[in-house]
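Remarks on the structure that follows.
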Amino acid sequence: MPEAVETMDGWYCLHDLRTIDWTKWKKATEEERQQAVEELQTMLREWEEVAEARDGSHAFYSIMGQKADILLMILRPTMQELSEIELRFNKSKIAEFTKPSYSYVSVVELSKYMSKESDNPEDNPGVRARLAPKLPLWDHICFYPMDKRREGNDNWYMLPFDERRQLMYEHSFTGRKYAGEVKQVITGSMGFDDWEWSVTLFAKDVLQLKKIVYEMRFDVVSARYGEFGPFYVGNILKTEDVPAYLAV
Ligand code: VOV
């Protein structure tokens, strides 16, 4: 029987994607709109303080295309905290003008494919930092869920451990070429959501997102075993830029 890889799990993660009901927003009074914007900025500033204290991290982006308008990605040590944030957002004024378009629940995950048997990677401060990451907040984000295929001869879960490790090594080799250009946060979602992992990529140059995803299509682990959900791509929405984004 193939052996499961051990995972290290860190902060819990919620990707909350919404569309804005612009018609309703335009019909709201100036006062209502102002109240909604101020309350949203207050929430964002409070979460920035949490991030400063290294008790969590979050990313707020506007999304291109019709699948969603905004993405709030939140990381917290417990799922209860995620739930409180989701509830708080849902009860806020701005939520009255949004519709849910997609959400994803997961936990930051690192696997032990690359660690030596003698090592205890959890003792490594670099590993601990990656399990509780400070999201880079570069100009662009790309988020998508994915699975590893289980179909006929292309069944990731039937491959021997060493073969999977070799394929992951090749994957990491491709990834490392993008050091400084693309940062990845991989979260695991087995038992939590409809796909097995979520991939969140941050880039300063949006084109690097296309380049890395394209190049990885040729890694055996993606070419043969990767299955992908919807892709979301967007631009950073800084707290101070929220009024301009919502101005009508
Ligand atoms: C930005 C670069 C980059 C780099 C350096 C990188 C490296 C690594 C390493 C070293 C490891 C294994 C150890 C660990 O850290 O867990 C992983 C793990 C993983 N990755 Fe990755 N990945 C990158 C980027 C990167 C991308 C762009 C994708 C999407 C693939 C695509 O085709 O669209 C991805 C996926 C994953 C997944 C789903 C896993 C978990 C798989 C599992 O079976 O457990 N990843 N990844």
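The values are calculated or read from the model by the stated rules, or taken from the named source; none is laboratory data. Keep in mind that this is a model prediction, so the values were computed, not measured. Neighbour counts are summed over all protein chains in view; Cβ atoms, including those assigned to glycine, are modelled from backbone coordinates with ideal geometry.
Structure data summary
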{"quantity": "Residues located in region 1-35, provided they are touching a residue at least 40 places away in the same chain (Cβ under 8 Å) and among the basic types (Lys, Arg)", "calculated": "ARG18, LYS24, LYS26, ARG33"}
{"quantity": "Residue list for region 137-154, filter: within 13 Å of the ligand (Cβ to nearest atom), in a loop (DSSP other than H, G, I, E, B) and either surrounded by 18 or more Cβ atoms within 10 Å (Cβ to Cβ) or of a type in the set (A, V, I, L, M, F, W, C) (or both)", "calculated": "TRP138"}
{"quantity": "Selection from region 121-144 of residues that are farther than 20 Å from GLY56 by Cα and without any contact (Cβ under 8 Å) to a residue 40 or more places away in the chain", "calculated": "ASP123"}
{"quantity": "Close pairs (9 angstrom Cβ cut-off, 6 or more residues apart or separate chains): within 15 Å of GLU6 (Cα to Cα) in region 152-164, surrounded by fewer than 11 Cβ atoms within 10 Å (Cβ to Cβ) anywhere", "calculated": "TYR157/ALA4; PRO160/GLU3; PHE161/GLU3; PHE161/ALA4"}
{"quantity": "Number of the exception - SER106 against (1) assigned to a helix (DSSP H, G or I); (2) more than 19 Å from LEU44 (Cα to Cα); (3) modelled with pLDDT of 95 or more", "calculated": "(1)"}
{"quantity": "Tally, over region 205-246, of residues that are of a type in the set (Phe, Trp, Tyr), buried (at least 19 other Cβ atoms within 10 Å of the Cβ) and more than 11 Å from the ligand (Cβ to nearest atom)", "calculated": "1"}
{"quantity": "Region 91-120 residues that are within 30 Å of TRP25 (Cβ to Cβ), paired with ones that are in a strand (DSSP E or B) and acidic (Asp, Glu) (beta carbon under 8 Å, 6 or more apart)", "calculated": "PRO100/ASP16; SER103/ASP16"}
